[in-house]
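The values are calculated or read from the model by the stated rules, or taken from the named source; none is laboratory data. On a predicted model such as this, the values are computed, not experimentally measured, just so you know. As a convention, Cβ positions derive from the backbone with ideal geometry for all residues, glycine included, and neighbour counts pool all protein chains shown.
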Amino acid sequence: MRKLGLGMLVVFLLGIILGGVALAEEVTLTITWAAWAPMDTLIALAQDFTAKTGIKVKGDPIPWPQYHDKVFTEFASGKTSFDIVLPDSQWLGEAVVGGHLLDITDWFNEKVNKEEFSDMLIRSYCEYPDGSGRYYGVPALADFFGLVYRKDLFEDPEEKKAFREKYGYDLKVPETWSELKDIAEFFTRPEKNFYGIALWQAPMATAGLVDHFLACFWSFGAELWDPNTKRVKGYLNSEEGKAAARYWVDLYRFHPPGAANYSMDETNTAMQQGLVAIAGTYLAFYPGLVDPELSLYWDKVDFAPTPKEKAWYVQLGGQGMSISAYTPYKKEALMFLEWWLSPETQWKWAQAGMFSCFNSIINDDRYLEFAPVNKVHRVSAPILKDFWEIPEYNEMGTVMAEILNAAILGKYTPEEAMDLIAEKHEEILERAGYYK
């Protein structure tokens, strides 16, 4: 009986040990991100991580319009179906204040080579509040606002001749916002159902009108607020801010009919269908613009940075990679982040046509060979700028988008619009307790 009991104990203990091994082998990390090409690429690359660690990885892609709400609904429940999430940069404060992201500060300081990333990317994707030294993610996709244009039109001898006769200088990719407006006017030909430009104009909070406008706004020399006092009046509605708004409203004349409702899809579709000569978009969406199955003009487009005016800034987009505070697999998720930040993985990511956040890759000439937008990334990377990351960003963005949209439709003058936005923003910030 004693031997039998001992044997059963050995079997029991082996079961526990082997069961623990089996359990470790069965860990699957779930990553949630938007349903787009970068997500597909990330999940494909994650096979390398599985091969190295035995930890499986699966994706949970969500359409962009539903992405934020689905993620934050799960956060609010205190239990997430995902372990790793790639939130838009402006969501960082909302997620951190809610306690939804794992604080990885100690790990970050030990494992992350900060020299590889610009300060802007670390502040926007990783740190909250800015300057606090607390980290909740690592850089992932360095997306940014840029231009796509019909190079066949810009290279056409007859178009070049006609443009020079009208404007007194050569037709070329615009270097200033003033030049962009001339080009948009020149190519606007309603009788041929062809227009100069398409920019996101729909009154969405972010990733829409506000994002596109701010690339112009900052380059006109304006600022959203005083970052220290959070005061808005006198900054957003400065003469520079109002000049940017006047420009924006005037530029709308050269958009296709109905462009006041254009969001991401409609803007990209206008270029794919040959409705416009030039468009603005986040360049991580470039695959659909050079895909012969999606675009009639896939072989006739090229890409350029957004223009300058008094200054030169490019609107940052993109996402960091963070860990859900509610995951039971924190150790495994940190292993994934460490794998993600390895030079080997980052080079594979770049070779797949995705934007890397690594300075050493962006500045390597090999990077320029991987995607037609990478030349724009290299130029844009040093001048990227981001807007509010505080939890109130969505309300502030909604106010700005709705009022600017009303201005292009003639409800407000540009000056009235900027004064009203400044007033509403200070009301939001006052209510949130930013003014002491």
What is the one condition in (1) in a helix (DSSP H, G or I); (2) out of contact with any Ser or Thr (no Cβ under 9 Å at 6 or more places or on another chain); (3) assigned by TED's automatic domain parsing to the domain that holds residue 67 that residue 323 does not satisfy?
(1)
Residues in the stretch 406-420: is at least one at pLDDT 95 or above, within 23 Å of the chain's Cα centre (by Cα), surrounded by 22 or more Cβ atoms within 10 Å (Cβ to Cβ) and assigned to a helix (DSSP H, G or I)?
no
Return the total of residues in the stretch 342-368 being under 29 Å from residue 74 (Cα atoms) and in contact with an Asp or Glu (Cβ under 8 Å, 6 or more places away or on another chain).
2
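Go through the stretch 374-404 and count every residue that is among the polar types (S, T, N, Q) and surrounded by fewer than 21 Cβ atoms within 10 Å (Cβ to Cβ). Before you say what the answer is, go through the steps one by one.
Here is the first cut: in the stretch 374-404, the ones among the polar types (S, T, N, Q) are 374, 380, 394, 398.
With surrounded by fewer than 21 Cβ atoms within 10 Å (Cβ to Cβ) added as a condition, the list becomes 394, 398.
Within the stretch 374-404, residues that are among the polar types (S, T, N, Q) and surrounded by fewer than 21 Cβ atoms within 10 Å (Cβ to Cβ) number 2.
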Output the residues belonging to the stretch 326-366 that are surrounded by fewer than 18 Cβ atoms within 10 Å (Cβ to Cβ), among the acidic types (Asp, Glu) and part of a helix (DSSP H, G or I).
338, 344, 365
Please go through the stretch 74-96 and give me each residue that is among the polar types (S, T, N, Q) and at pLDDT below 95, ordered by number.
89, 90
Step by step: first the residues of the stretch 29-39, then only those that are assigned to a helix (DSSP H, G or I) and touching a strand residue (DSSP E or B) at 6+ places or on another chain (Cβ under 8 Å), then the one that is surrounded by the most Cβ atoms within 10 Å (Cβ to Cβ). Which residue is that?
38
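Assess whether residue 137 counts as being small (Gly, Ala, Ser), surrounded by 20 or more Cβ atoms within 10 Å (Cβ to Cβ) and under 29 Å from residue 38 (Cβ atoms).
Values: small (Gly, Ala, Ser): yes; surrounded by 20 or more Cβ atoms within 10 Å (Cβ to Cβ): yes; under 29 Å from residue 38 (Cβ atoms): yes.
Judged against the criteria, residue 137 is a match.
Which ones in the stretch 92-134 are part of a helix (DSSP H, G or I), free of Cβ contacts under 8 Å to residues at least 40 places away in the same chain and buried (at least 19 other Cβ atoms within 10 Å of the Cβ)? Please lay out each step first, then the result.
So in the stretch 92-134, the residues part of a helix (DSSP H, G or I) come out as 92-97, 105-111, 114-116, 119-125.
Checking which are free of Cβ contacts under 8 Å to residues at least 40 places away in the same chain leaves us with 105-106, 108-110, 114, 119, 122.
108, 122 - these are the residues of the stretch 92-134 that are part of a helix (DSSP H, G or I), free of Cβ contacts under 8 Å to residues at least 40 places away in the same chain and buried (at least 19 other Cβ atoms within 10 Å of the Cβ).
The rows are residues; the columns are (1) closer than 24 Å to residue 163 by Cβ; (2) out of contact with any Cys (no Cβ under 9 Å at 6 or more places or on another chain); (3) at pLDDT 95 or above; (4) not β-branched (Val, Ile, Thr).
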| residue | (1), (2), (3), (4) |
| --- | --- |
| 184 | yes, yes, yes, yes |
| 188 | yes, yes, yes, no |
| 198 | yes, yes, yes, yes |
| 205 | no, yes, no, yes |
| 270 | yes, yes, yes, yes |
| 288 | no, yes, yes, yes |
Identify all residues within the stretch 297-319 that are in a strand (DSSP E or B) and among the aromatic types (Phe, Trp, Tyr); write none if there are none.
303
If residue 389 satisfies every condition in (1) part of a helix (DSSP H, G or I); (2) under 30 Å from residue 360 (Cα atoms); (3) in contact with a Lys or Arg (Cβ under 9 Å, 6 or more places away or on another chain) but one, which is the exception?
(1)
